[in-house]
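Asks: Here it is, the structure in full.
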Amino acid sequence: MKSNNRAFFKYFAFSLEVILLAVLQSTPKLLPELFGAKPFLLFALALSVAAFEDFIPSIIFAAVCGAVSDLNSAGNIGYFAITLTLICAAVHYFTRTYLNATLFTFVITSAISIFAVMLFYFIIFRAFSSGADAWALFGSHYVPRMILTLLSAIILYVINGFIHRSFTGKTGF
């Protein structure tokens, strides 16, 4: 198979993942809630794609995942499109430049990224409008969502690693 065909099918598989995970994430009662929260699947997908792809494709998929998340949640493209793009670009840069590319570094960088994005989202959009119960909301809803998103990112890391190796023959994060 030609290299262009392999790249097309690889990005087609990633695009199908975006559609499937957007439907899973946004359809009520389709994905069960654990501890009162659902995982942020598109963020997990963006991190796992950034682990295997080059810089430009990884930030494009991060921007698409962020835009779809914004459209699913509020109807306006903004916070998640920008933050997912910036976080995935930073994670890609630091893992390629300063860290060894392993599952362990993926878990650590993903945990830090998920915590940062969700904490800033909480502070910007919820902390001041929720009143005195704001930090109770953070502990009961946002922390379980962070944990579930990290577990989803690990699962998607394995799936996207298989897709990446199948179409490119390369290994690595």
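The values are calculated or read from the model by the stated rules, or taken from the named source; none is laboratory data. Fair warning: this is a prediction, and the values are worked out from it, not measured in the lab. Quick reminder, even Gly has a Cβ in these numbers, built from the backbone with ideal geometry, and neighbours come from all protein chains shown. Ligands, DNA and RNA are stripped out before the accessible areas are found, and what is left, the full protein with its side chains, is counted by its heavy atoms. Shrake-Rupley method; radii C 1.70, N 1.55, O 1.52, S 1.80 Å.
Asks: Residue check, Ala62 against (1) touching a Ser or Thr at 6+ places or on another chain (Cβ under 7 Å); (2) closer than 22 Å to Val158 by Cβ; (3) modelled with pLDDT under 90, all met but one. Which one?
Replies: Exception for Ala62: condition (3).
Asks: Moving on. Give the number of residues within the range 50-67 that are part of a helix (DSSP H, G or I) and open to solvent by less than 40 Å² (accessible area, probe 1.4 Å).
Replies: The number of residues fulfilling the criteria is 12.
Asks: Between a residue in the range 31-52 that is small (Gly, Ala, Ser) and any residue that is open to solvent by 40 Å² or more (accessible area, probe 1.4 Å) and not in a helix (DSSP H, G or I), which pairs come within a Cβ distance under 8 Å, given they are 6 or more apart or on different chains?
Replies: Once the first residue is small (Gly, Ala, Ser) and sits in the range 31-52, its partners that are open to solvent by 40 Å² or more (accessible area, probe 1.4 Å) and not in a helix (DSSP H, G or I) give Ala51/Ala101.
Asks: Scanning for something over 15 Å from Ala153 (Cβ atoms) and among the acidic types (Asp, Glu), does the range 1-23 turn up at least one residue?
Replies: For the range 1-23, residues over 15 Å from Ala153 (Cβ atoms) and among the acidic types (Asp, Glu): absent.
Asks: Then there is this: Out of the residues in the range 1-43 that are of a type in the set (Phe, Trp, Tyr) and either assigned to a helix (DSSP H, G or I) or at pLDDT 90 or above (or both), state the one that is surrounded by the fewest Cβ atoms within 10 Å (Cβ to Cβ).
Replies: The first filter runs over the range 1-43 and keeps only residues of a type in the set (Phe, Trp, Tyr), leaving 8-9, 11-12, 14, 35, 40, 43.
With the extra rule that they be either assigned to a helix (DSSP H, G or I) or at pLDDT 90 or above (or both), the set shrinks to 8-9, 11-12, 14, 40, 43.
Working: Phe8: 13, Phe9: 14, Tyr11: 17, Phe12: 11, Phe14: 22, Phe40: 27, Phe43: 31.
In this case the residue turns out to be Phe12.
Asks: Scan the range 119-144 for residues that are open to solvent by less than 50 Å² (accessible area, probe 1.4 Å) and either at pLDDT 85 or above or assigned to a helix (DSSP H, G or I) (or both) and report the count.
Replies: Keep residues of the range 119-144 that are open to solvent by less than 50 Å² (accessible area, probe 1.4 Å), which gives 119, 121-122, 127, 130-131, 134, 138-139, 142, 144.
Remaining after also requiring either at pLDDT 85 or above or assigned to a helix (DSSP H, G or I) (or both): 119, 121-122, 131, 134, 138-139, 142, 144.
Counting residues in the range 119-144 that are open to solvent by less than 50 Å² (accessible area, probe 1.4 Å) and either at pLDDT 85 or above or assigned to a helix (DSSP H, G or I) (or both) gives 9.
Asks: Kindly indicate whether Asn76 is modelled with pLDDT under 90, of a type outside the set (Ser, Thr, Tyr) and in a helix (DSSP H, G or I).
Replies: Details: modelled with pLDDT under 90: yes; of a type outside the set (Ser, Thr, Tyr): yes; in a helix (DSSP H, G or I): no.
Judged against the criteria, Asn76 is not a match.
Asks: Kindly check whether there is at least one residue in the range 160-168 that is open to solvent by 70 Å² or more (accessible area, probe 1.4 Å) and either in a helix (DSSP H, G or I) or not charged (D, E, K, R) (or both).
Replies: yes
Asks: Right, here's the next one. Search the range 55-73 for residues that are under 21 Å from Ser26 (Cα atoms) and of a type in the set (A, V, I, L, M, F, W, C) and pair each with any residue that is open to solvent by 10 Å² or more (accessible area, probe 1.4 Å) and not in a helix (DSSP H, G or I) when their beta-carbon atoms are under 6 Å apart and the residues are at least 6 apart or on different chains.
Replies: If the second residue must be open to solvent by 10 Å² or more (accessible area, probe 1.4 Å) and not in a helix (DSSP H, G or I), the pairs left are Ala67/Ile77.
Asks: Which one of these does Ile82 not meet: (1) assigned to a helix (DSSP H, G or I); (2) in contact with a Ser or Thr (Cβ under 7 Å, 6 or more places away or on another chain); (3) of a type in the set (A, V, I, L, M)?
Replies: Of everything listed in (1) assigned to a helix (DSSP H, G or I); (2) in contact with a Ser or Thr (Cβ under 7 Å, 6 or more places away or on another chain); (3) of a type in the set (A, V, I, L, M), Ile82 misses just condition (2).
Asks: Checking the condition at pLDDT 85 or above and open to solvent by 30 Å² or more (accessible area, probe 1.4 Å), which residue from Thr109, Thr105, Thr85 passes?
Replies: Working: Thr109 fails: open to solvent by 30 Å² or more (accessible area, probe 1.4 Å); Thr105 fails: open to solvent by 30 Å² or more (accessible area, probe 1.4 Å).
Step by step, each of Thr109, Thr105, Thr85 is checked, and only Thr85 is at pLDDT 85 or above and open to solvent by 30 Å² or more (accessible area, probe 1.4 Å).
Asks: Determine which member of the set Phe94, Phe35 is touching a Pro at 6+ places or on another chain (Cβ under 9 Å), over 25 Å from Ser166 (Cα atoms) and aromatic (Phe, Trp, Tyr). Give the derivation first.
Replies: Details: Phe94 fails: touching a Pro at 6+ places or on another chain (Cβ under 9 Å).
Only one candidate qualifies: Phe35.
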